[in-house]
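Below: the structure, in structure tokens.
The values are calculated or read from the model by the stated rules, or taken from the named source; none is laboratory data. Owing to the predicted nature of the structure, the values given are computational and were not obtained by experimental measurement. Just the protein is used for accessible areas: all its heavy atoms, side chains included, with ligands, DNA and RNA removed. Shrake-Rupley method; radii C 1.70, N 1.55, O 1.52, S 1.80 Å.
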Amino acid sequence: WNVNSILARLPTALKVFEEVNADIWCLQEIKCEDPRFPRLEFEAMGFNIETFGQKSYNGVAILSKHRIEEFVRGVPGLEHDQSRYIEAVIAAPGGPVRVASIYAPNGNPIGTDKFAFKLHWLQRLRRYFDETFDIGENVLLCGDLNIAPHELDVWKPSLWKDKMHFTKPEREAIQNVKKWGFVDVFRQINDDAREYSWWDYFHHSFEKDRGLRIDHIWASPPLADLCTDCWIDKEPRTLEKPSDHAPVIAEFAI
């Protein structure tokens with residue numbers, strides 16, 4: 001879930017956490033340095049917590065009701081990671097699961113160094129998976145990838161063509177990451193459903209359902225086989241002072 005500032009959305013986040021009752025949360029855009037993360041409130045709910053934050057921008061976190069055995073902050077070998085990647089090995093009941101919480105660069109505007117950095121960051125991420133992960137293990141990638149991979153993930157493809165989040169270079173870059181072996185479990189469960197996880201705050205976009213599916217849960221093949229459901233929880237987007245993103249939730253029989 002991209003919370004768009006954990007401090008600004010804390011009452012909403014606590015409400016959502018209580019209602020959803022998930023074992024693991026991967027958060028993006030926490031927008032606070034590690035010492036300022038509201039640990040006490042979430043520890044009181046039974047979570048173990050690892051964060052990789054920075055002041056005012058970016059930041060990722062993993063919260064787990066199961067023991068966190070090891071973790072990595074930042075993509076190794078990638079300079080200027082900007083607090084966009086955190087990884088943890090979770091001691092789940094059925095065996096360890098390697099979980100990555102990712103906030104991919106936005107890249108705006110197109111054609112600038114920021115756009116080039118986005119493509120480079122995704123390329124380096126794929127290389128890291130190749131070097132470190134085993135496709136036969138339980139691996140979970142969750143996060144705001146800032147890309148809508150397919151026309152089904154965009155409310156009006158003709159309008160979004162060649163615009164940020166839906167350009168050909170971005171879509172090719174994210175497909176390259178996915179080809180490591182990841183399965184998009186939302187698509188696995190929901191086939192060709194047109195549902196979105198992000199709506200801007202303007203022009204009643206949420207009410208008109210003019211959004212993008214840029215928040216994803218991908219799993220390695222063994223873990224994808226254990227996925228029993230996956231959905232986008234739109235309810236938090238209706239609350240007071242909501243994030244512009246809705247949580248994506250998956251269930252696994254592990």
Rule-of-thumb Rg ratio for the chain [Cα; 2.2 N^0.38 Å; N residues]: 0.94
Over the stretch 1-78, with the other protein chains present, what is the accessible area per residue in square angstrom, probe 1.4 angstrom? 47 Å²
What whole-number volume per residue, in cubic angstrom, does the convex hull of the C-alpha atoms of the stretch 1-112 give? 119 Å³
Ignoring ligands, DNA and RNA, what percent of the 1.4 Å accessible area of the stretch 1-66 is carbon and sulfur? 46 percent
For a quick size check, give me the Cα extents of the stretch 70-206 along its three principal axes, largest first, whole Å. 44, 36, 26
Accessible surface, 1.4 Å probe, highest first, among residues HIS165, HIS204, HIS66: HIS204, HIS66, HIS165
